[in-house]
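K.L.:
Submitted below is the structure of interest, expressed as structure tokens.
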């Protein structure tokens, strides 16, 4: 087990729904990430938090809203999604991430949430 | 901007034969290179990484990878494939100053090992 858990594992929602994805890491790490995984595309970085501060936002549509209340928990709030947002959403953590520094730390991934938008 | 190319969507190999999964990268500064594996319905799991030192890196489950700076490559290899190695493999790169400190991933290569 990787020490990173995600709930729910599967989610089906309509375009007008509001839902949230939850990620929790039990590794004592300081950095957490959201990725979007679509078939045959590079893993797409969405958001990065280091010590509960957002350090990266890769031009993600505002219908995705992250929240990091503490270094162990990360949420992704979803509202008015589109069918093309259907994908596997992966959460990851790493020990540290220092802006302008280097990142040689291994990332630990959760199992993902399979999201289907109808 | 840094990038990773995994030129093969799928690699097929017979059990017991050697396997290679290719990865090339483009980055400013010194690269830090990673391989991860994803089994069905699971998240990515770390296999190995190159930070500095010996160009040949050994990792989990008998996998190894060779860093080749002149060819900007970091191919994943295993001398004898197992059916249980069948999975999706991702290469990733981050960099020292001049590049992005957050890893950039490739699109993944599906490895299928036939009995």
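K.L.:
So for the stretch B:1-100, what percent of the C-alpha to C-alpha distances run longer than 25 Å?
P.N.:
Here the long-distance tail beyond 25 Å is 16 percent of all Cα pairs in the stretch B:1-100.
K.L.:
Can you pull the mean other chain C-beta count within 10 Å for peptide A:106-118?
P.N.:
The mean count of partner-chain Cβ atoms within 10 Å per residue comes to 3.
K.L.:
Next question. To make sure I understand, if each residue's beta carbon is the centre and we count other beta carbons within 10 Å, what order do A:27, A:115, A:11, A:90 fall in, fewest to most?
P.N.:
In order of increasing Cβ crowding within 10 Å: A:27, A:11, A:115, A:90.
K.L.:
Counting each pair of different Cα atoms once, what's the Kirkwood radius of the stretch A:59-118 in Å, rounded to one decimal?
P.N.:
Computed over the stretch A:59-118, the radius equals 13.6 Å.
K.L.:
Can you quote the Å³ per residue value for the convex hull of the Cα atoms in the stretch A:17-81, rounded to an integer?
P.N.:
Given the Cα convex hull of the stretch A:17-81, per-residue volume reads 96 Å³.
K.L.:
Just want the ordering: A:108, B:39, from fewest to most Cβ atoms lying within 10 Å of their own Cβ.
P.N.:
The order, fewest Cβ neighbours first, is B:39, A:108.
K.L.:
In the stretch B:65-115, if every C-alpha pair distance is counted and binned at 5 Å from zero, what percent goes to each bin?
P.N.:
Whole-percent P(r) values from 0 Å outward: 5, 16, 19, 23, 17, 10, 6, 3, 1, 0.
K.L.:
Which value results for Rg/Rh of chain A when Rg is the Cα radius of gyration and Rh the Kirkwood radius based on the inverse mean 1/r?
P.N.:
So for chain A, dividing Rg by the Kirkwood Rh gives 0.95.
K.L.:
If I model a spin label as a point 7 Å beyond the Cα along the Cα-Cβ vector, how far apart are those points for residue A:26 and residue B:39 in nm?
P.N.:
Once both label points are built, they end up 1.8 nm from each other.
K.L.:
Let me ask something else about it. Rounded to two decimals, what is the ratio between the C-alpha radius of gyration of the protein assembly as shown and 2.2 N^0.38 Å?
P.N.:
Scaled against compact globular proteins, the figure is 1.01.
K.L.:
Further question: Using Cα-Cα distances under 8 Å and only pairs 6 or more residues apart, what relative contact order does chain A have, in percent?
P.N.:
After rounding, I find 37 percent.
K.L.:
What order do you get for B:96, A:38, A:94, B:84 when you list them from fewest to most C-beta neighbours inside 10 Å?
P.N.:
Ranking B:96, A:38, A:94, B:84 by Cβ neighbours within 10 Å, fewest first, gives B:84, A:38, B:96, A:94.
K.L.:
Still on this structure, please answer the following. Can you tell me what the convex hull of the Cα atoms of the stretch B:37-96 projects to on average, as an area in nm²?
P.N.:
4.8 nm²
K.L.:
Which residues in the stretch B:100-115 place their backbone N less than 13 Å from a point set 7 Å from the Cα of residue B:83 along the Cα-to-Cβ direction?
P.N.:
In the stretch B:100-115, the label zone of residue B:83 (backbone N under 13 Å from the point 7 Å along Cα→Cβ) covers B:113-115.
Taken together, the values in this text are just the output of simple stated rules run on the coordinates, not laboratory data. Please read all numbers here as calculations on a predicted model, not as lab measurements. Cβ: placed from backbone, ideal geometry, glycine included. Neighbour counts: every protein chain shown.
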